[in-house]
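The values are calculated or read from the model by the stated rules, or taken from the named source; none is laboratory data. Since we're looking at a predicted model, the values are computed, not measured. Virtual Cβ from ideal backbone geometry, glycine too; neighbours counted across all protein chains shown.
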Ligand code: NDP
Ligand code: MG
């Protein structure tokens, strides 16, 4: 029996992970499940899977969680420290699927106990890539990518000489506003931005797909995880979302990962790694699909991609500034305080004004230092928005 913990169990990735575990429950012992506001789902899953511990991120919801678990014998806890304790409980495999930089500390705690970390939380590598990799190395822990593009690259690299990699190509659907006139983007609504042409995901990553901030995070994530240089990473718009990524080698070969847009593939690959096991995903009918299209992203439509290049060139804490600015700008967009197109303007301003792109913030990355830059940036955005 493998001992597994799921951080962010009530979210889109967390629920897909539980869907796979539910199919062979005898193979897994669930140690801890964590959630945020969705107490009913958290308690229901903790009971169904016989978890030892259920944790909500929100201290104010602890009594609700206790009430929902009453009589089950499952321990309940709440707050950021409790999330870290849940991640540090001995487990073989931990899914990191909290949304945002809040996932960083629990992910580090899971690596600290030597668990295999299935990493969906891309913000961890964006804000603290060197710290994540060093922590994994120190504790002999393994990080497996769950983001579909990174899982695709990882799979294309199996058995290959990393030194023979020339480039990687990460595909992007183009998001909700791929075909909208540019002049409309200042006025699109939160509801419109919360739809995705191909993938069914949490609201925040769906809006980030429309703005391509999601792709921007993924480019930085790929640089960190696969130790690439910025010019080795290319982004192409591929409306069908069928090829998730390609790896180009020095001999001119391109290895593509092809599959349906279903996160249970990448999650299942990380769950079964290094084996491949049957998964309940659709089998592609390529003849029915007929064609696959690719084109370069329009820089005017997707300014987030150029900002990601700035971050990769600057290094240091610019990833923490970029991510915090993106998260806070997104909060303001969802709350209706700023328009869709203003998000990238705000993030660009933060990179200039808070620092991280001009030699500042290049000191060693620690959990505390990421927290400091994150706090500074959010404060800066709030000041601009309320001015
Ligand atoms: P969701 O919004 O669906 O779920 C997020 C999870 O995190 C929920 O369990 C939520 O709890 C919990 N949560 C929210 N805020 C906090 C907090 N401050 N502290 C602790 N827990 C919190 O997100 P997704 O599942 O879509 O995404 C999760 C991560 O995986 C993100 O980093 C995303 O970028 C990445 N990812 C997602 C993909 C997808 O297909 N969804 C694909 C590739 C990567 P609750 O809902 O109970 O409030
Ligand atoms: Mg992705």
Report yes if some residue within region 283-301 is outside the structural domain of residue 326 (by TED's automatic domain parsing), assigned to a loop (DSSP other than H, G, I, E, B), within 30 Å of residue 116 (Cβ to Cβ) and modelled with pLDDT of 95 or more; otherwise report no. yes
Of the candidates 35, 11, the one satisfying the condition of being buried (at least 23 other Cβ atoms within 10 Å of the Cβ) and within 16 Å of ligand 2 (Cβ to nearest atom) is 11
Between a residue in region 1-13 that is farther than 18 Å from residue 39 by Cβ and in the same structural domain as residue 52 (by TED's automatic domain parsing) and any residue that is within 6 Å of ligand 1 (Cβ to nearest atom) and assigned to a loop (DSSP other than H, G, I, E, B), which pairs come within a Cβ distance under 6 Å, given they are 6 or more apart or on different chains? 13/97; 13/120
Tell me the residue from 87, 118 that is modelled with pLDDT of 95 or more, closer than 24 Å to residue 27 by Cα and within 16 Å of ligand 2 (Cβ to nearest atom), please. 118
Can you find a residue that is within 15 Å of ligand 1 (Cβ to nearest atom), buried (at least 19 other Cβ atoms within 10 Å of the Cβ) and either in a loop (DSSP other than H, G, I, E, B) or free of Cβ contacts under 8 Å to residues at least 12 places away in the same chain (or both) anywhere in region 260-278? yes
Selected residue (only one of 224, 234 is assigned by TED's automatic domain parsing to the domain that holds residue 162 and under 29 Å from residue 332 (Cα atoms)): 224
For region 16-29, enumerate the residues that are within 12 Å of residue 48 (Cβ to Cβ) and within 15 Å of ligand 1 (Cβ to nearest atom). 18, 19
Could you check residue 75 against (1) touching a helix residue (DSSP H, G or I) at 6+ places or on another chain (Cβ under 7 Å); (2) more than 26 Å from residue 372 (Cβ to Cβ); (3) more than 16 Å from ligand 2 (Cβ to nearest atom) and say which number it fails? (1)
Return the pair list, or none, for Cβ contacts closer than 6 Å from residues in region 68-81 that are closer than 21 Å to residue 102 by Cβ to residues that are assigned to a helix (DSSP H, G or I), at least 6 apart or on different chains. 76/65; 76/66; 78/59; 78/62; 79/59
Of 103, 107, 112, 129, which residue is in contact with a helix residue (DSSP H, G or I) (Cβ under 8 Å, 6 or more places away or on another chain), in the same structural domain as residue 78 (by TED's automatic domain parsing) and within 16 Å of ligand 2 (Cβ to nearest atom)? 103
Candidates 325, 308, 329, 314, filtered to the one that is crowded, with 20+ Cβ neighbours inside 10 Å, outside the structural domain of residue 84 (by TED's automatic domain parsing) and more than 17 Å from residue 211 (Cα to Cα): 314
List the residue pairs whose Cβ atoms are under 6 Å apart, where the first residue sits in region 197-212 and is farther than 16 Å from residue 347 by Cβ, the second is away from ligand 2 (no atom under 14 Å from the Cβ) and assigned to a loop (DSSP other than H, G, I, E, B), and the two are 6 or more positions apart or on different chains. 202/11; 203/194; 206/194
If a residue has to be exposed (fewer than 13 other Cβ atoms within 10 Å of the Cβ) and within 14 Å of ligand 1 (Cβ to nearest atom) to count, how many in region 170-206 make the cut? 1
Listing of strands (runs of 3 or more DSSP E) fully contained in region 132-243 that carry 2 or more residues being out of contact with any helix residue (DSSP H, G or I) (no Cβ under 7 Å at 6 or more places or on another chain): 165-172, 233-237
Would region 249-259 turn up any residue that is under 18 Å from residue 154 (Cβ atoms), within 14 Å of ligand 2 (Cβ to nearest atom) and touching a residue at least 24 places away in the same chain (Cβ under 8 Å)? yes
Determine the pairs where a residue that is more than 24 Å from residue 99 (Cβ to Cβ) and within 16 Å of ligand 1 (Cβ to nearest atom), located within region 134-158, has a partner that is at pLDDT 95 or above and assigned to a helix (DSSP H, G or I) with Cβ atoms under 8 Å apart, the partner being 6 or more residues away or on another chain. 155/269
Would you confirm, using the coordinates I've provided, whether residue 230 is more than 16 Å from ligand 2 (Cβ to nearest atom), out of contact with any strand residue (DSSP E or B) (no Cβ under 6 Å at 6 or more places or on another chain), closer than 27 Å to residue 118 by Cβ and touching a residue at least 60 places away in the same chain (Cβ under 8 Å)? yes
Unique match (being surrounded by fewer than 23 Cβ atoms within 10 Å (Cβ to Cβ), in the same structural domain as residue 111 (by TED's automatic domain parsing) and in a helix (DSSP H, G or I)) among 40, 46: 40
